[in-house]
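Q: Structure provided below as structure tokens; questions to follow.
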Amino acid sequence: MAATVTGSASSGRTSGSTTSLTVSHTANGDDLFVWVGIYGALDKPWPTCTYNGVALDRVFSDRELTLAGVYLFRMPSATAGTANIVATFLAGNYITLGAFNVNGAGGIRATRGATGSNTTPTVTVPSVAGDLVLDFCQSDAANQDWTVGAGQTLIYEIVDATSNEKSAASYESAVGTTTVMSYTLSVSNGWTLFACSVTGASGGGASNVPFVG
């Protein structure tokens, strides 16, 4: 069974440096996935992330130089309904948060991160045909717009001209041993791009990097 993104996504960002961000999200009974991103994330510890007051499991984190950091959380079979997702850091920073639902996820096969300064964020992640490949891209250029790469479907996009945080997430169904995730940005600036391949519930091959708390 291949994993698929279902339902509607929710996203939000802070308008200044703060320690917490709250976003309302509607779960549909599938697994709840949450990307939390921060600007200037070098050596930042894990934030806490809750849905309706219940902590989500940690999946993985990555920090690329001093540009940005990302944290992926998951709540298996989140109870259907609408409630708040709250991400909280120990120290203040610009924060973005994007939430979406995934059906049939097994485990993480592989993760990759990349950083650069241009208009073409790109990262290649190992995969197996049928994997669900998720990505998270972040940049700090004002008035930024995003175009996802060929074969990708946009999950959410946060664009704001007044803060240093712009981010987007997308997904693609893998067709081979590697999957390229990319964006075209309207403004050349520093960016970070993170991606992971997610196996189906019976997809195998992910025992070394399962979903763990």
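Q: Is it the case, given these coordinates, that V5 is among the hydrophobic types (A, V, I, L, M, F, W, C) and in contact (Cβ under 8 Å) with a residue 60 or more places away in the chain?
A: In short, yes.
Q: Please go through region 64-121 and pick out each residue that is among the β-branched types (V, I, T), modelled with pLDDT of 90 or more and outside any strand (DSSP E or B).
A: Listed by number, the residues that qualify are T79, T119, T120.
Q: From G16, G7, which residue is at pLDDT below 95, outside any strand (DSSP E or B), over 22 Å from F194 (Cβ atoms) and not β-branched (V, I, T)?
A: Values: G7 fails: outside any strand (DSSP E or B).
Answer to the selection: G16.
Q: Looking only at region 13-53, filter to residues that are buried (at least 19 other Cβ atoms within 10 Å of the Cβ) and of a type in the set (G, A, S); which one of those is farthest from C137 (Cα to Cα)?
A: Here the residue is A27.
Q: Inspect all residues belonging to region 168-176 and state whether any of them is among the acidic types (D, E), at pLDDT 90 or above and assigned to a strand (DSSP E or B).
A: Checked against the condition, which is being among the acidic types (D, E), at pLDDT 90 or above and assigned to a strand (DSSP E or B), region 168-176 yields at least one hit.
Q: Kindly indicate whether any position in region 73-86 is on the phi > 0 side of the Ramachandran plot and free of Cβ contacts under 8 Å to residues at least 60 places away in the same chain.
A: For region 73-86, residues on the phi > 0 side of the Ramachandran plot and free of Cβ contacts under 8 Å to residues at least 60 places away in the same chain: present.
Q: Now for a separate question. Among the listed residues G107, G69, which satisfies the condition of being within 21 Å of A9 (Cβ to Cβ), of a type outside the set (K, R) and touching a strand residue (DSSP E or B) at 6+ places or on another chain (Cβ under 7 Å)?
A: Result: G69 is the single residue among G107, G69 that is within 21 Å of A9 (Cβ to Cβ), of a type outside the set (K, R) and touching a strand residue (DSSP E or B) at 6+ places or on another chain (Cβ under 7 Å).
Q: Right, another one. Mind listing whichever residues of region 1-28 are in contact with a strand residue (DSSP E or B) (Cβ under 8 Å, 6 or more places away or on another chain) and among the small types (G, A, S)?
A: Within region 1-28, A2, A3, G7, S8, A9, S10, S11, G12, S17, S20, S24, A27 qualify.
The values are calculated or read from the model by the stated rules, or taken from the named source; none is laboratory data. In this text the structure is predicted, and so the values were computed from the model without any measurement. Every residue, glycine as well, gets a Cβ built from its backbone with ideal geometry; the counts of neighbours run over all protein chains shown.
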